[in-house]
1. How much FRET efficiency would the formula 1/(1 + (r/R0)^6) give for ASN299 and LYS27, where r is the Cβ-Cβ distance and R0 is 51 Å, rounded to 0.05?
2. Just grab the label-to-label distance for GLU258 and SER142, each label 7 Å out from Cα along the Cβ direction, in nm (one decimal).
3. What length, rounded to one decimal in nm, is gained on full extension from ASP214 through to THR172, with 0.36 nm per residue of separation minus their alpha-carbon distance?
4. Residue separation times 0.36 nm, minus the C-alpha to C-alpha distance between LEU241 and SER160: what's the value?
5. Take the alpha carbon gyration tensor of segment 62-125, find the square roots of its eigenvalues, order them as a ≥ b ≥ c, and report rounded if a/c is under 1.5; if not, report prolate when a/b exceeds b/c, else oblate.
6. Once both labels are modelled 7 Å past Cα along the beta-carbon direction, what's the LYS272-GLN43 spacing in nm?
7. Where a Cα-Cα gap under 13 Å defines reach, which aspartates and glutamates qualify for LYS4, not counting those fewer than 8 residues away within the same chain?
8. Under 27 Å from the Cα of LYS54, which lysines turn up, not counting those fewer than eight places away in the same chain?
Amino acid sequence: MISKDILNKAIYKIKQQKQHAEQIADKNLQKALLNTEFLNIYQLEKTALIENAKCEVYNQKKLYNIKDIETKRKQILQKLNIDEKSLLPNYKCNICKDTGYLQGKMCTCLKAIINEELYKQSGLNHKLNSFENMNCSIFENSKKIKNLYDTMKKWCNCPSSAYLNIVLTGKTGVGKTFLMECMANELIKNGNIVFWTSAFNLNQLLLKYHTTFDDNKTNYISNLLEAEYLFVDDLGCEPTLKNVTVEGIYNVLAERVENNKKTIISTNLNLKEIQDKYGERIFSRLLNKSNSLCINIENKDLRLIKKS
Ligand SMILES: [Zn+2]
């Protein structure tokens with residue numbers, strides 16, 4: 001489960017939404033019922049539905065013609081200049097009717113609210129970049145860049161991809177974060193729960209988890225484990241804390257792979273440096289060819305076309 005505070009906030013928000021829609025509809029209905037003609041047909045329709053249902057149970061001919069009553073009701077409303085729809089709750093989500101769940105599964109609208117809450121914790125304070133805003137043609141190596149962006153967009157739209165980990169390596173300024181933001185944006189649009197964190201913040205969460213000794217300690221790492229897609233920006237910039245950093249990152253990665261959840265990492269470190277800093281276990285997990293895709297972006301890839 002995603003961390004309790006975030007889930008509770010999101011559920012509270014969606015409940016408010018539902019309540020609001022229902023209150024407005026009820027207010028409109030009460031107002032309409034002040035008209036005697038409408039009140040009569042409204043009550044008749046209620047009675048008719050109950051009586052007809054009884055007839056159905058006893059296999060008898062139905063007493064009321066519901067269609068006729070409905071038509072009459074519509075005519076009255078029209079005469080009163082009342083929009084029929086205004087008497088029904090105008091839910092923000094027509095799929096789950098603002099309950100947040102559909103057949104026991106989270107509806108995309110609830111996931112969207114969770115993403116909003118998770119985003120507040122991401123440390124990002126701007127609108128995420130998107131694939132649509134990326135103009136590859138400005139780069140000298142535009143073919144390679146376009147290929148990279150196309151491949152990543154495809155991956156975002158292929159939940160069954162065998163690649164569970166994407167590792168983007170390259171020096172500062174080659175646009176790793178920009179690309180990751182496009183990916184996060186695309187995945188959110190597709191209705192996934194996405195958690196974005198800097199490696200520095202990830203380390204802090206692992207430290208809090210490690211040094212807390214009550215039942216709530218899992219709250220610190222539940223978003224890291226449970227988000228459908230986890231983005232870790234700038235791996236390697238965090239200080240290595242003994243018994244915390246390497247072990248924690250390994251456990252997060254291992255549990256996510258175990259549960260078929262996807263992780264996208266950017267790092268300035270090269271492969272040798274990753275191995276030196278994090279050791280063999282993390283190295284081989286991140287660069288396991290069967291489920292990890294490692295892409296190196298070079299500075300020269302991003303040389304801009306000179307204006308003539
Ligand atoms: Zn919904």
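FYI, it's all coordinate maths here, none of it is from the lab. In this text, all values refer to a predicted model and were calculated from it rather than measured experimentally. Here Cβ is always computed from backbone atoms with ideal geometry, including for glycine, and neighbour counts include all displayed protein chains.
1. 0.25
2. The two pseudo-label positions are separated by 4.8 nm.
3. 11.2 nm
4. 25.7 nm
5. oblate
6. So the two model labels end up 8.9 nm from each other.
7. Those aspartates and glutamates meeting the cut-off are GLU117, ASP215, GLU226.
8. Within the straight-line limit of under 27 Å, LYS54 reaches these lysines: LYS46, LYS62, LYS67, LYS72, LYS74.
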